[in-house]
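Enquirer: For reference, the structure I am asking about is given below.
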Amino acid sequence: MVKVLIVDDSVFMRTVVRDILAKDTSIEIVGTASDGNEALEKIRSLDPDVISLDIEMPNMNGLDLLRELQKVKKRPKVLMLSSLTSKDAETIREAIFLGADDFMQKPKNLPHIREIGLELISKVKHLAALPLAVHSRKARVSPPCPAERVVLIGSSAGGPPQVDILLSMLPPDLPAGIIITQHMPLGFTAPLAARFNRIAAMPVKETRNGDRLYTGEILLSKAGVHTIVSGVRGEDGRTTGRIVHTTSPPVHGVRPAVDKTFESAARVYGKNAVSVILSGMGNDAGEGAYAIKQAGGVSLICDEKDCLVYGMARSAIRHNAVDHVLPLKKLAESIEQHVLMMEAACV
């Protein structure tokens, strides 16, 4: 049973969140709080596993509560549930830095608030199961190696919790660069990268225009621009990748589009590319997975039973662009096996 404390200054929001979570029999609502001071008292007395936390509250706001929780020996997992927009993304980034484990935006229109139900329940249960342990990373002693192999991960709705699990299972010495393209609102990929960075055995950062792809590093496609992989020829004549951001029109209504990243990487990396499609709504990723497969690379999709939404994976199936369908917890092993079979001079 997952014990949850709901923290929000709005009586309406506390009621709605309680009603949503109470529909799942594996979740127990142990209490509610209207500000950080009350929440701190109830965290100590009720020992919740997860708290849903608003940011803007009187007396003690969400960020101040996170600062206080850093002093608590046994702290709950924290899901930021706020109406903050892309303009306020820096606040979310600070919340992640202060220890928040995940974040969700409240719908702008209150009549649609209950539509977040499935995602909210999924996030709460995922956080309760996610280990607190953070990977320790050894300092790099040699210059970074340009990636001659690449792993491409595409996801959308329901994807971040799956990425958590996948990144936590990938080995720190995987001889490939990794690009994650996740549909997110403008401004929210930087805090998401910071969150992934706490979980992964390899460093994670948001893409910047001109970034090189290096072995053992993970890039998260920046929201609002397409992440294109362009070829860079080294002194040894081998081609590796560089990130180019473009504001060309959205594809499938999204930017960044998984198809754009996959297709461009297929042209650069060919048979040295592995694509992975996780949970996601819509048709993005199918054409990109096809490009990877046609170039001689490997195309993997997550099993439907592990996905909140199966639109993106189903698009790859329609394009006859799938080599293997695997349970979420088998993907990391398969990725490693395929990467190790690829040829590369620098690993």
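Enquirer: Six or more apart or on different chains, Cβ under 6 Å: which pairs go from a residue in the range 152-167 that's within 19 Å of SER264 (Cα to Cα) to one that's surrounded by 24 or more Cβ atoms within 10 Å (Cβ to Cβ) and β-branched (Val, Ile, Thr)? Could you list them?
Expert: Pairs found: LEU152/ILE179; ILE153/ILE180; ILE153/VAL276; GLY154/THR181; GLY154/VAL258; GLY154/ILE277.
Enquirer: From the list THR240, THR215, THR246, which residue is of a type in the set (S, T, N, Q) and modelled with pLDDT under 95?
Expert: THR240
Enquirer: Continuing with this model, one more query. Can you name the residue in the range 10-28 that is assigned to a loop (DSSP other than H, G, I, E, B) and among the polar types (S, T, N, Q) and is also surrounded by the most Cβ atoms within 10 Å (Cβ to Cβ) among such residues?
Expert: Across the range 10-28, the extreme among qualifying residues is SER10.
Enquirer: Within the range 188-232, can you find the residues that are assigned to a strand (DSSP E or B), over 19 Å from VAL274 (Cβ atoms) and among the hydrophobic types (A, V, I, L, M, F, W, C)?
Expert: Matches in the range 188-232: VAL232 only.
Enquirer: Scan ALA285, ALA273, ALA266 and give me the residue that is closer than 27 Å to GLY224 by Cβ, touching an Asp or Glu at 6+ places or on another chain (Cβ under 8 Å), small (Gly, Ala, Ser) and at pLDDT 95 or above.
Expert: Going through ALA285, ALA273, ALA266 in turn, the sole match is ALA285.
Enquirer: On to the next question. When the range 290-304 is examined, which residues are found to be surrounded by fewer than 18 Cβ atoms within 10 Å (Cβ to Cβ) and over 15 Å from VAL150 (Cβ atoms)?
Expert: GLN294, ASP303, GLU304
Enquirer: Does at least one position in the range 259-269 carry a residue that is surrounded by fewer than 22 Cβ atoms within 10 Å (Cβ to Cβ) and in contact with a strand residue (DSSP E or B) (Cβ under 8 Å, 6 or more places away or on another chain)?
Expert: The answer is yes; a qualifying residue exists.
Enquirer: Moving on to the next point. Could you tell me whether the range 196-219 includes any residue that is touching a Pro at 6+ places or on another chain (Cβ under 8 Å), under 24 Å from ALA129 (Cβ atoms) and among the polar types (S, T, N, Q)?
Expert: yes
Residue-by-condition table, conditions (1) in the same structural domain as PRO160 (by TED's automatic domain parsing); (2) part of a helix (DSSP H, G or I); (3) under 18 Å from the mean Cα position of the chain (by Cα):
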position: PRO256; (1), (2), (3): yes, no, yes
position: ASP259; (1), (2), (3): yes, yes, yes
position: GLY282; (1), (2), (3): yes, no, yes
position: ALA289; (1), (2), (3): yes, yes, no
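Enquirer: Pull up the range 136-158, narrow it to residues that are surrounded by 14 or more Cβ atoms within 10 Å (Cβ to Cβ) and in a loop (DSSP other than H, G, I, E, B), then point me to the one that is modelled with the lowest pLDDT.
Expert: Ranking the candidates gives PRO144 first.
Enquirer: Moving to a separate point now. Taking THR240, is it polar (S, T, N, Q), touching a Leu at 6+ places or on another chain (Cβ under 9 Å) and without any contact (Cβ under 8 Å) to a residue 60 or more places away in the chain?
Expert: no
Enquirer: Filter the range 63-101 down to the residues that are of a type in the set (Gly, Ala, Ser) and farther than 16 Å from ARG195 by Cβ and list them by number.
Expert: Residues satisfying the conditions are SER83, SER86.
Enquirer: Mind listing whichever residues of the range 296-344 are within 22 Å of the chain's Cα centre (by Cα), of a type in the set (A, V, I, L, M, F, W, C) and in a helix (DSSP H, G or I)?
Expert: Answer for the range 296-344, where residues must be within 22 Å of the chain's Cα centre (by Cα), of a type in the set (A, V, I, L, M, F, W, C) and in a helix (DSSP H, G or I): MET312, ALA313, ALA316, LEU328, LEU331, ALA332, ILE335, VAL339.
Enquirer: Please work out which one of (1) buried (at least 18 other Cβ atoms within 10 Å of the Cβ); (2) at pLDDT 95 or above is the condition PRO161 fails and give its number.
Expert: (2)
Enquirer: Which ones in the range 96-135 are at pLDDT 75 or above and basic (Lys, Arg)?
Expert: LYS106, LYS123, LYS125
Enquirer: Out of everything in the range 76-95 that is farther than 21 Å from ASP9 by Cα and not hydroxyl-bearing (Ser, Thr, Tyr), what residue ends up being modelled with the lowest pLDDT?
Expert: LYS87
Enquirer: If the Cβ limit is 8 Å and pairs must be 6+ apart or interchain, which residue in the range 67-78 that is of a type in the set (Ser, Thr, Tyr) pairs with which residue that is modelled with pLDDT under 90?
Expert: Here the result reads none, with nothing in the range 67-78 linked to a residue that is modelled with pLDDT under 90.
Enquirer: To continue, here is another question. Being closer than 18 Å to THR240 by Cβ and out of contact with any Asp or Glu (no Cβ under 9 Å at 6 or more places or on another chain) is the filter here; which residues of the range 141-175 pass it?
Expert: Hits for the range 141-175 are SER142, PRO143, CYS145, PRO146, VAL150, VAL151, LEU152.
Enquirer: Shifting gears a bit: From ILE277, ILE243, grab the single residue that is in contact with a helix residue (DSSP H, G or I) (Cβ under 9 Å, 6 or more places away or on another chain) and of a type in the set (A, V, I, L, M).
Expert: ILE277
Enquirer: Same structure, new question: Confirm whether ARG212 is farther than 24 Å from ARG149 by Cβ, in contact (Cβ under 8 Å) with a residue 24 or more places away in the chain, more than 14 Å from the chain's Cα centre (by Cα) and surrounded by 15 or more Cβ atoms within 10 Å (Cβ to Cβ).
Expert: Spelling it out, it is not the case that ARG212 is farther than 24 Å from ARG149 by Cβ, in contact (Cβ under 8 Å) with a residue 24 or more places away in the chain, more than 14 Å from the chain's Cα centre (by Cα) and surrounded by 15 or more Cβ atoms within 10 Å (Cβ to Cβ).
The values are calculated or read from the model by the stated rules, or taken from the named source; none is laboratory data. For clarity, every value in this text was computed on a predicted model and none was experimentally measured. Don't worry about glycine lacking a Cβ; one is built from the backbone with ideal geometry, like all the others, and counts go over all protein chains shown.
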